[in-house]
1. Considering 37, 31, 68, which residue is of a type in the set (Gly, Ala, Ser), modelled with pLDDT of 95 or more and at negative phi?
2. Need at least 1 residues that are under 20 Å from residue 124 (Cβ atoms) and touching a residue at least 40 places away in the same chain (Cβ under 8 Å) per element, so show me which strands (runs of 3 or more DSSP E) inside region 140-220 make the cut, counting only ones lying wholly within it.
3. Does residue 112 satisfy being closer than 22 Å to residue 322 by Cβ, surrounded by fewer than 17 Cβ atoms within 10 Å (Cβ to Cβ) and in contact with a helix residue (DSSP H, G or I) (Cβ under 8 Å, 6 or more places away or on another chain)?
4. Identify all residues within region 246-269 that are free of Cβ contacts under 8 Å to residues at least 60 places away in the same chain and surrounded by 16 or more Cβ atoms within 10 Å (Cβ to Cβ); write none if there are none.
5. Looking at (1) crowded, with 19+ Cβ neighbours inside 10 Å; (2) closer than 23 Å to residue 203 by Cα; (3) of a type in the set (A, V, I, L, M, F, W, C), find the lone condition where residue 277 falls short.
6. Within 21 Å of residue 286 (Cα to Cα) and of a type in the set (S, T, N, Q): does that describe residue 191?
7. Are any residues in region 224-233 out of contact with any strand residue (DSSP E or B) (no Cβ under 6 Å at 6 or more places or on another chain) and either part of a helix (DSSP H, G or I) or surrounded by fewer than 24 Cβ atoms within 10 Å (Cβ to Cβ) (or both), and if so, which ones?
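The values are calculated or read from the model by the stated rules, or taken from the named source; none is laboratory data. Here the structure is a predicted model, which is why all the values come from computation and not from measurement. Quick reminder, even Gly has a Cβ in these numbers, built from the backbone with ideal geometry, and neighbours come from all protein chains shown.
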Amino acid sequence: MDRKFFCSTLLAILSLSFSGCGGGGSDSGSAENGKNAVPEKVTIAWSVWTGWMPFKLMEKEGLLAKRAKELGVEVELVEFKGYMDSVQAFAAKKVDACAMTSMEALQPASSGVPTVAVIVNDISNGGDGILVREGMKLEDLKGQKVLLEQFSVSHYLLTRALAENGIPEAEVAIENIPGDDAGKAFLTDDSVKAVTTWNPHLFLAKESKKGNVIFDSSNIPGEIIDLLVFNGDTLKKNPKAVEAVTLAWYDAMALITNPETRESAIATMAEGAGASVEEFKKMLGGTNLYTDAGEAVSFFQGEAVKATMLKIRDFSFKQELIKDKDFEIGYGAGSSALLSFDPSFAAKVAK
């Protein structure tokens, strides 16, 4: 997953620049068109990451097309090569929905874009980590250069690791580099001593005995959350489209969990991710897919996500990614907060 950061200032500029443009459905289904108007096409941006490959499965197996037809809506999945590009498109209201982490979701919301999480795709559970050379320990990061994508979830992971071990962030020299490039640099350049990156770089380094993971997302369970978020205006005007996507997501989950279809589903996702089947299975090992709608509802309604979002909000404020240290985050259907977690669509599936 190309987990690239984007600064809140850029998002604000993008949102203002495109707020008057046609864009992915923010005007769809308006009252001016009459009660019987057909809603405009809803567009969903996504990029390659283990927990988002079910979108490829939804597309290839016709799951989304089937659900959209049943509900009389038109929904298009748009694959972006760059994660940053997909989130910027959402911030600019050029797409109606986007797959992003909970940390990135906070940023367009704080810039005035109503952002509603409707699906929890997965929780990173070892899929992101701090990779160092053999023999190094966490305390050895003091005075050490660490390659990572600044202000991304990789940066967040590093700060959590340092905080838990009483090491000030100022004692570590961060070199800003795309996370995928950081992983590749570790595997190819012995002078690179420490990086924060994700799979497959983590397990490739371990298997080749080039390094060890000294802290990963399993050490902060539930804190790196991947979501599908919708523009709140689109959700209000075209809830059937949101319902179609949610149903199709859990149709894909059924293919993944069913022993009779699992291998075929994994092969489809692996191909979409540019990985071998075996590599993709290892990547799944560090990613907790939320395959059950009931569990997703419990997650959205639980206290853990609230505590996690407070940590993420604090990190984002300290890094000047958001301006309001008390920025409101809402929970439950109908929340008026600019960033909210809505379990109602998953709840319909769970019944």
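1. Working: 37 fails: modelled with pLDDT of 95 or more; 31 fails: modelled with pLDDT of 95 or more.
Going through 37, 31, 68 in turn, the sole match is 68.
2. Working: elements: 145-148, 173-176, 194-198, 212-216.
Those strands (runs of 3 or more DSSP E) span 145-148, 194-198, 212-216.
3. Here the answer is yes, as residue 112 does meet what is asked.
4. Narrowing region 246-269 to residues free of Cβ contacts under 8 Å to residues at least 60 places away in the same chain: 254, 257-264, 266-267.
Listed by number, the list holds a single entry, 266.
5. Single failed check for residue 277: (1).
6. For residue 191, the condition - within 21 Å of residue 286 (Cα to Cα) and of a type in the set (S, T, N, Q) - is not met.
7. Matches in region 224-233: 233 only.
This table checks each residue for (1) among the aliphatic types (A, V, I, L, M); (2) more than 18 Å from residue 84 (Cβ to Cβ); (3) surrounded by 14 or more Cβ atoms within 10 Å (Cβ to Cβ); (4) not assigned by TED's automatic domain parsing to the domain that holds residue 100.
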site: 132; (1), (2), (3), (4): yes, yes, yes, yes
site: 137; (1), (2), (3), (4): no, yes, no, yes
site: 140; (1), (2), (3), (4): no, yes, yes, yes
site: 145; (1), (2), (3), (4): no, yes, yes, yes
site: 149; (1), (2), (3), (4): no, no, yes, yes
site: 161; (1), (2), (3), (4): yes, yes, yes, yes
site: 164; (1), (2), (3), (4): no, yes, no, yes
site: 170; (1), (2), (3), (4): yes, yes, no, yes
site: 183; (1), (2), (3), (4): no, no, yes, yes
